[in-house]
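**Q** I'd like to ask you about the structure that follows.
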Amino acid sequence: MYRHPKQLGVWPVALLVLLSAASARAEPLRFFAAGDLPYFSAETEQLRELFDTAEAEGTPLLIHVGDIKSGSSPCTDANLEAIADLFRARAVPVVFTPGDNEWTDCNRERAGAKDPRERLARVREIFYGDPGVLRLDRLGAFRGEGADATDYPENYTFIRDGVLFVSVHVVGSNNGYAPDDPAAVAEFEARDVANVHFLRQATALAAERDASAMVIVFHSNPQFEKARPARGFVRLRRALVELMGAYPGPVLAIHGDTHRFKHDRPLIDPATGAPFRRFVRTEVPGSPVVGGVWISVDAQAEEPFGVSEMYPISRDRLIQE
């Protein structure tokens with residue numbers, strides 16, 4: 001396996017002093033994340049091998065940020081169940097959040113011209129209805145209270161080694177918002193509100209439990225690069241800014257969507273016009289490049305989120321070929 005490290009700039013001196021005064025240093029939490037795989041049958045076995053390697057190297061959990069099929073491949077139960085079986089066979093729990101290819105884009109003719117809401121129901125049933133697929137209970141995952149816990153099983157939070165993880169359901173294709181489709185608008189509005197509500201709950205829990213860091217997992221890039229995101233990402237972007245005011249620790253967002261590895265600070269503080277120093281984004285690579293990202297979390301380090309890419313072979317060689 002080939003690894004390529006990526007680092008960000010040094011954190012402010014005042015924050016480093018604060019972190020150095022914290023409790024004795026513990027081993028950093030280290031885990032593996034991938035996504036936007038597999039798009040083709042050959043990539044299924046390559047993804048399995050990636051996960052095998054990550055497990056052999058001691059990851060306590062695996063993260064998959066969604067898009068477990070291409071946007072033009074058939075939206076069938078068989079395709080979903082094949083990946084569910086791959087997840088079920090893992091030795092560690094799998095943190096999975098759906099992508100748009102699993103349901104939002106299933107109305108495309110090449111994908112079968114299916115009803116996206118029907119496909120979403122099947123995604124929830126296959127991946128979250130059977131606890132043996134992801135084994136989130138082993139992580140002590142909490143799904144909130146009331147209707148949100150029942151209606152949005154893909155939204156959950158847990159704490160591992162003092163780090164709070166939260167998964168929220170944000171997908172590509174404008175987060176499922178299609179203004180010419182009333183059913184799509186209704187689904188989007190309800191899910192978008194539920195996402196923000198659950199993110200606030202998780203943030204409050206992180207503050208209450210004095211979590212050393214937060215890790216937020218979702219599928220789509222919410223157009224961090226744009227000052228004014230599309231309608232489907234407006235609430236989420238505002239919620240992330242709100243989170244930075246409510247939680248004082250470092251925050252990492254892990255997502256997929258554009259299939260290109262990124263590790264940066266893209267969230268802008270509207271009060272200053274500068275990026276939030278405590279907010280870091282990691283986007284995992286995706287098909288046709290088969291790879292993933294090792295992430296380490298150490299809130300006492302100069303750079304709390306260490307990242308190293310992992311590919312079956314050198315990415316440079318892969319691109320040249």
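**Q** Which Cα, out of 234, 201, 184, lies furthest along the positive dipole direction of the range 164-245 (beta carbon charges, K/R +1, D/E -1)?
**A** Value computed over the given set: 234.
**Q** What is the dipole size for the chain, taken about its Cα centre, with +1 at each Lys and Arg Cβ and -1 at each Asp and Glu Cβ, in debye to the nearest 20?
**A** That gives the chain a dipole magnitude of about 720 debye.
**Q** On to the next question. Would you grab the residues whose amide H sits under 5 Å from the one on residue 63? Only those 5+ places off in sequence or on another chain, please, with H modelled 1.01 Å from N.
**A** HN-HN under 5 Å from residue 63: 32, 33, 34, 95.
**Q** Using unit Cβ charges (K, R positive; D, E negative) and no other charged atoms, how large, in debye to the nearest 20, is the dipole of the range 181-256 about its Cα centre?
**A** Dipole about the Cα centre, nearest 20: 200 debye.
**Q** Using a ≥ b ≥ c from the Cα gyration tensor of the range 169-321 (square roots of the eigenvalues), is it rounded, prolate or oblate, where a/c under 1.5 gives rounded and otherwise the larger of a/b and b/c decides, a/b for prolate?
**A** Here the range 169-321 falls in the oblate category.
**Q** Full extension from residue 265 to residue 108: what is 0.36 nm times the residue separation minus their Cα-Cα distance, to one decimal in nm?
**A** In short, 53.1 nm is gained.
**Q** Given the options 126, 295, 63, which has the most mean-square fluctuation in a GNM of the chain, springs set between C-alpha atoms less than 10 angstrom apart?
**A** Among 126, 295, 63, the largest mean-square fluctuation in the Gaussian network model of the chain belongs to 126.
**Q** Let me ask something else about it. With the calculation restricted to Cα positions, what are the radius of gyration and Dmax of the range 117-251 in angstrom?
**A** Taking only Cα atoms of the range 117-251, I get Rg and Dmax of 15.0, 45 Å.
**Q** Can you tally the net charge around residue 228? Count Lys and Arg as +1, Asp and Glu as -1, for every other residue whose Cβ sits under 15 Å from the Cβ of residue 228.
**A** Net of charged neighbours comes to +4.
**Q** How far is it, in nm, from the label point at residue 209 to the one at residue 225 when both lie 7 Å from their Cα along the line to the Cβ?
**A** That separation, rounded to one decimal, is 3.5 nm.
**Q** Run a plain Debye calculation on the chain (Cα atoms as equal point scatterers, no solvent) and give log10 I(q)/I(0) at q = 0.07, 0.11 Å⁻¹, rounded to two decimals, same order as the q list.
**A** -0.25, -0.65
**Q** Run the dipole for the range 90-212 about the Cα centre, Lys and Arg Cβ at +1, Asp and Glu Cβ at -1, nothing else charged, and hand back the magnitude in debye, nearest 20.
**A** Charge dipole, the range 90-212, about its Cα centre: 460 debye, nearest 20.
**Q** Still on this structure, I have one more. Going Cα to Cα from residue 262, which aspartates and glutamates come in below 17 Å? Please leave out same-chain ones fewer than 8 positions away.
**A** 36, 225, 283, 303, 309, 316
**Q** While we're here: Say we join alpha carbon atoms closer than 10 Å with springs in a Gaussian network model of the chain; which of 107, 175, 221 then has the biggest fluctuation?
**A** Comparing 107, 175, 221 in the GNM, the peak value goes to 107.
**Q** When the helices in the chain are scored as -39500 (n - 2.57) per DSSP H run of 4 or longer and the sum is shared across all residues, what 222 nm value do you end up with, to the nearest 500 deg cm²/dmol?
**A** For the chain, the value works out to -9500 deg cm²/dmol.
**Q** Given Cα pairs under 8 Å that are at least 6 residues apart, what percent is the relative contact order of the chain?
**A** 23
**Q** Filter the GluC sites (Glu not before Pro) in the range 41-72 down to the DSSP loop ones having no more than 13 other Cβ atoms within 10 Å, then list what survives.
**A** In loop regions of the range 41-72 (DSSP not H, G, I, E or B), the sparsely surrounded GluC sites (Glu not before Pro) are 57.
**Q** Follow-up. Mind putting together the pair-distance distribution for the range 184-243? All Cα pairs, 10 Å bins, whole percent per bin, short to long.
**A** So the P(r) values, bin by bin, are 19, 51, 25, 5.
**Q** Explain nothing, just compute: Karplus ³J(HN,Hα) = 6.51 cos²θ - 1.76 cosθ + 1.60, θ = phi - 60°, for every residue of the range 30-36 in order, whole Hz, x for Gly and Pro.
**A** Working through the residues one at a time gives 9, 8, 10, 10, 8, x, 6 Hz.
**Q** Going by how many other Cβ atoms sit within 10 Å of their own, how do 103, 294 line up, fewest first?
**A** Placing the least packed residue first, the sequence is 294, 103.
**Q** A follow-up question, please. Using the 2.2 N^0.38 Å rule of thumb for compact globular proteins, work out how the range 255-318 stacks up: its C-alpha Rg over that value, please.
**A** 1.31
**Q** Please label the shape of the range 46-197 as rounded, prolate or oblate, based on the square roots a ≥ b ≥ c of the eigenvalues of the alpha-carbon gyration tensor (a/c under 1.5 means rounded; beyond that, a/b larger than b/c means prolate, else oblate).
**A** Note, shape of the range 46-197 comes out oblate.
**Q** For residue 114, which sequence-distant residues (separation of 5 or more, or a different chain) have an amide H within less than 5 Å of its own amide H, given hydrogens modelled in the peptide plane?
**A** 107, 108
**Q** State the answer as a single residue: which of 271, 126, 254 lies farthest towards the positive end of the charge dipole of the chain, with beta carbon charges of +1 for Lys and Arg and -1 for Asp and Glu, about the Cα centre.
**A** Of the listed residues, the answer is 271.
**Q** Output ³J(HN,Hα) for the range 126-138: one whole-Hz value per residue in order, computed from phi by the Karplus curve 6.51 cos²θ - 1.76 cosθ + 1.60 with θ = phi - 60°, and x for Gly and Pro.
**A** 6, 8, 10, x, 10, x, x, 6, 9, 6, 5, 4, 5
**Q** Using the 10 angstrom Cβ neighbour count as an exposure proxy, how do 197, 263, 219, 255 rank, fewest first?
**A** The fewest-first ordering by Cβ neighbours comes to 197, 263, 255, 219.
**Q** Hey, fewest Cβ within 10 Å first, where do 151, 180, 67 land in order?
**A** 180, 151, 67
Readers should treat all values here as calculations from the given coordinates under stated rules, not as data from a laboratory. Because the structure is predicted, anything quoted here is derived from the model rather than measured. Counting neighbours? That spans all protein chains shown, and the Cβs are built from the backbone with ideal geometry, glycine included.
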